[in-house]
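Worksheet: one structure, shown below.
The values are calculated or read from the model by the stated rules, or taken from the named source; none is laboratory data. Since we're looking at a predicted model, the values are computed, not measured. Quick reminder, even Gly has a Cβ in these numbers, built from the backbone with ideal geometry, and neighbours come from all protein chains shown.
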Amino acid sequence: MKNTNSTFKSITAAFLSLTLAGCSSTAAVSSSASSSTGVNMNLANPEKLDCSDLVKPDLDLSNATGVLADVLEEGVLTVATSPDYPPAEWVDDNGTIYGHEMMIAKYIAECLGVQLEIETSDFSSTFVSVDTGKADIALSGYGLKKDREEAYEISVGYVADPESEESKHTLIVPAGQEGNYDSLDDFVGKKIMGQANSLQEMYVTDEILALDTDGTTQFEKVATLDQAILGLASGKCDAVALDNSTAENYVASSEGAFALSGVYFDLTPYGDYSGNIAIAKKGETDMIEAVNACLKTAVENGYVHTWYLNAKAAAGIQEAE
């Protein structure tokens, strides 16, 4: 029997409740990304998030400055995330914010010898949390973009699944419509949804909207992927732009409602986008250097890959048929 992803179940339930209540599709539909209150993951599910027995990097924290010094003094590392992106981060069936990036966050906290607190918000607000000091760092499925590199301290990249093929970004469409799309040109004149400030927003703008000389294409930026998926499920858009692994997850979990378009964005103009990154406020070099040391140790010891496989299984993610 097909393993149905809990995220899609919650989205479907939310869609039905909104439909019955006559609410608009732009309403906040996912409790996973609507809270602005930090959640202490150590208290939420200590056994699931335990990293205490793992190898740690040898960190010299004696002369820490800035945010890192504050973290060490207060004994708490606050990490911002938008938990609507399984298997990286999402709210599981037990109400725990989980995912391989949340395991990375927990590991960094334990390497620093402090508690972990998660600041949840929509994707765009994760950047604001870092800017305003509500969060010390952020992990939310980020890829490298030039504007992010200019505005934030950027960590080393990490690849959750080194055995996977090169990262791809694509669009999903209603089942039965995939035969209408052979290239990005075929999306001109359609309505597309994507997460605001994401890589996909950049790709849609650069590679689809740029093709539209008549201005007939609509691109709606939404706060969470849940909203985009609801838009596709309710017929309010023709396609949703997202990374390929997440696309496969939603398609496989949709019980035949969605399909992969088979069309991919061209990443060659943007340079090397392999892997994901963490961010810290510009100038917080001590913080990002500590994060880098933790990431390198976690990758070299295979922890990140193991966390990814565990999170993928917990999310019920399978390859699209």
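Could you please find all residues in the range 244-271 being of a type outside the set (Gly, Ala, Ser), in a strand (DSSP E or B) and buried (at least 22 other Cβ atoms within 10 Å of the Cβ)? Scanning the range 244-271 gives a single hit, Phe258.
Looking across the range 117-151, the residues that are of a type in the set (A, V, I, L, M, F, W, C) and out of contact with any strand residue (DSSP E or B) (no Cβ under 8 Å at 6 or more places or on another chain) come down to Val128, Ala151. Within the range 128-159, the residues that satisfy the criterion of being of a type in the set (A, V, I, L, M, F, W, C) and under 13 Å from Thr78 (Cα atoms) are Val130, Ala135, Ile137, Ala138, Leu139. Does any residue of the range 175-183 turn out to be without any contact (Cβ under 8 Å) to a residue 24 or more places away in the chain, under 30 Å from Ala290 (Cα atoms) and more than 18 Å from the chain's Cα centre (by Cα)? No, that holds for no residue. Residues in the range 179-200 that are of a type outside the set (Phe, Trp, Tyr), part of a helix (DSSP H, G or I) and buried (at least 20 other Cβ atoms within 10 Å of the Cβ) were compared, and the one that is modelled with the lowest pLDDT is Leu199. Of Tyr158, Tyr142, Tyr107, all but one fail to be aromatic (Phe, Trp, Tyr), within 23 Å of Val304 (Cα to Cα) and modelled with pLDDT of 95 or more; the exception is Tyr107. Taking every residue in the range 217-230 that is closer than 16 Å to Ser253 by Cα and pairing it with any residue that is among the acidic types (Asp, Glu) and crowded, with 18+ Cβ neighbours inside 10 Å, at least 6 positions away or on another chain, the pairs with Cβ-Cβ distances below 8 Å are Leu225/Asp84; Asp226/Asp84.
Which residues, taken from the range 164-176, are at pLDDT 95 or above, surrounded by 15 or more Cβ atoms within 10 Å (Cβ to Cβ) and over 8 Å from Ser261 (Cα atoms)? Correct list: Pro174 only. Taking the conditions (1) within 20 Å of the chain's Cα centre (by Cα); (2) on the phi < 0 side of the Ramachandran plot; (3) in contact (Cβ under 8 Å) with a residue 40 or more places away in the chain in turn, Val128 satisfies each one other than (3). May I ask you to verify whether Glu284 is acidic (Asp, Glu), in the same structural domain as Gly113 (by TED's automatic domain parsing) and within 30 Å of Asp50 (Cβ to Cβ)? So Glu284 fits the description; yes.
Meeting the requirement of 3 or more residues that are within 24 Å of Asn249 (Cβ to Cβ), the helices (runs of 4 or more DSSP H) wholly within the range 45-158 are 100-112, 123-132.
Here's the yes/no breakdown for (1) among the small types (Gly, Ala, Ser); (2) over 16 Å from Leu199 (Cβ atoms):
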{"position": "Ile137", "(1), (2)": "no, yes"}
{"position": "Glu149", "(1), (2)": "no, no"}
{"position": "Gly157", "(1), (2)": "yes, no"}
{"position": "Pro174", "(1), (2)": "no, yes"}
